Amino acid sequence: MRLRVIEDKFSVGTWSWDLDTSEITWSPGLFRILGLDAATVVPTIDLYQSLVHPDDQLDFSNAIGLAADKRLQDRTFRIIRPDGSLRWLRSKGQPHFDRNGRPVAMFGVIADVTDVQELRTTLDLETMWRQALSRLLGDHVWRAYPNGKLVETTEWSKLTGQSPAEARNWDELAAIHPDDRRIFLDAWKTAVAMEKEYQATIRVRTVKGDYVTLTGRALPVRGPSGRSGSGLAAQSMNTTRVPNRGRRRRCMPRRCGRRARS
């Protein structure tokens, strides 16, 4: 009973495989994961193979050799249920040996990791989309929350040398020139409040210690719930270095004297 509760709660199931007889045993939880009825279905290797995605299938013809294959001991793969739905599973298996060290059985647990895998795929696609958009626009692209804190800080950190925590510090805005912080804050808050385009030109201190002029544009993006101002997709453009004006090199007295005499 406890095992069944655990299987239901965590979407897991157990399996065993007798390598000598090829007998397969599945727990009720595994039947549910595979989308099969335990009352009418007899588990077999052929049935299991028919459910596994063609690109993820293993060769079960050599049972002894497969038992020693590390892929069977920990693998993530796809299945296609009888109803046509695709699920991602992670299986961990452990071989059991006889007194002579020969593998005679395999035992394991399978978990449905579809939600985790889909989230990972979504994040990977989002990264690829952002990189493609950056190459297309020829500049950096990032997102930020309505309060101004960056969702991704990688590009900003490369430019300024700030840590992720420093880059998200909305109170200090240390990398922005002191004279431009109010310009940035006002433009950003107006864009969020009015749901209009943000645009401002500010000076940003780089990792080298000098300043560059950065013209940023952003558009409010509504979240899945339709709530306005849930985020801003931003692009930096026209990044030019600010010359160090008003700084004259101090010369040593001896050198200055030589210049004066010459």
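Just a few scattered comments:
- Being within 18 Å of S16 (Cβ to Cβ), in contact (Cβ under 8 Å) with a residue 24 or more places away in the chain, of a type in the set (A, V, I, L, M) and out of contact with any His (no Cβ under 9 Å at 6 or more places or on another chain) is a property that L51 has.
- Residue count, the range 77-112 (criterion: within 18 Å of W26 (Cα to Cα) and within 23 Å of the chain's Cα centre (by Cα)): 9
- Single unsatisfied condition, Y48 versus (1) touching a strand residue (DSSP E or B) at 6+ places or on another chain (Cβ under 6 Å); (2) farther than 17 Å from V113 by Cα; (3) buried (at least 16 other Cβ atoms within 10 Å of the Cβ); (4) of a type in the set (S, T, Y): (1)
- Selection status of K196, at pLDDT below 90, assigned to a helix (DSSP H, G or I) and not acidic (D, E): no
- The range 57-75, subset surrounded by fewer than 15 Cβ atoms within 10 Å (Cβ to Cβ), without any contact (Cβ under 8 Å) to a residue 40 or more places away in the chain and in a helix (DSSP H, G or I), residue farthest from the chain's Cα centre (by Cα): G65
- Per this entry, V109 is counted among residues that are closer than 30 Å to L34 by Cα and modelled with pLDDT of 90 or more.
- Subset tally (residues that are assigned to a strand (DSSP E or B), among the hydroxyl-bearing types (S, T, Y) and crowded, with 16+ Cβ neighbours inside 10 Å) for the range 76-119: 1
- Residues in the range 199-230 that are at pLDDT 90 or above and loosely packed, with under 12 Cβ neighbours inside 10 Å: K208, G209.
- Residue match in the range 150-162 (condition: within 28 Å of W26 (Cα to Cα), modelled with pLDDT of 90 or more and not in a helix (DSSP H, G or I)): no
- Failed item in (1) out of contact with any strand residue (DSSP E or B) (no Cβ under 6 Å at 6 or more places or on another chain); (2) within 19 Å of S157 (Cα to Cα), with R203 passing the rest: (1)
- Residues in the range 163-189 that are open to solvent by 30 Å² or more (accessible area, probe 1.4 Å) and not in a helix (DSSP H, G or I): S163, R168, N169, W170, D171, E172, A174, H177.
The values are calculated or read from the model by the stated rules, or taken from the named source; none is laboratory data. Quick caveat: nothing in here was measured; it's all calculated off a predicted structure. Every residue, glycine among them, receives a Cβ derived from its backbone with ideal geometry; neighbour counts consider all protein chains shown. SASA here: full protein model, heavy atoms, side chains in, ligands and nucleic acids out. Shrake-Rupley method; radii C 1.70, N 1.55, O 1.52, S 1.80 Å.
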